[in-house]
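Enquirer: Dumping the structure here so I can ask a few things about it.
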Amino acid sequence: MGFIGIICVIIMTITLISIESKTKRLIQEQAETNRKLEQLLRKERFTDQTGGA
């Protein structure tokens with residue numbers, strides 16, 4: 001593997017690490033959104049059960 005091959009491997013590694021970190025961040029944001037939606041649904045159900053107080 002020549003010099004160009006080593007550079008390509010380094011660039012691909014950096015790209016993969018970048019994609020992985022962005023994916024983790026997106027998963028965390030989605031989990032937070034899901035928690036907020038779940039809280040809203042619980043409030044809606046509670047309001048429905050208590051007669052719309």
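The values are calculated or read from the model by the stated rules, or taken from the named source; none is laboratory data. Just so you know, these numbers come straight off a predicted model, no measurement behind them. No Cβ is skipped: glycine too gets one built from the backbone with ideal geometry, and neighbour counts run over all protein chains shown. These accessible areas exclude ligands, DNA and RNA; they are computed on the full protein's heavy atoms, side chains included. Shrake-Rupley method; radii C 1.70, N 1.55, O 1.52, S 1.80 Å.
Enquirer: Which of (1) surrounded by 10 or more Cβ atoms within 10 Å (Cβ to Cβ); (2) modelled with pLDDT under 95 is the odd one out, the single condition residue 24 does not satisfy?
Expert: Checking residue 24 against (1) surrounded by 10 or more Cβ atoms within 10 Å (Cβ to Cβ); (2) modelled with pLDDT under 95, the one that fails is (2).
Enquirer: What residue, among those in segment 1-21 that are in a helix (DSSP H, G or I) and among the small types (Gly, Ala, Ser), is most open to solvent (accessible area, probe 1.4 Å)?
Expert: Initial filter on segment 1-21 (in a helix (DSSP H, G or I)): 3-21.
Pick out the ones that are also among the small types (Gly, Ala, Ser) and you get 5, 18, 21.
Values: 5: 24, 18: 45, 21: 61 Å².
The extreme case among them is 21.
Enquirer: Do the conditions hold for residue 38, that is, is it open to solvent by less than 100 Å² (accessible area, probe 1.4 Å), charged (D, E, K, R) and not in a loop (DSSP other than H, G, I, E, B)?
Expert: Numbers: open to solvent by less than 100 Å² (accessible area, probe 1.4 Å): yes; charged (D, E, K, R): yes; not in a loop (DSSP other than H, G, I, E, B): yes.
The answer is yes for residue 38.
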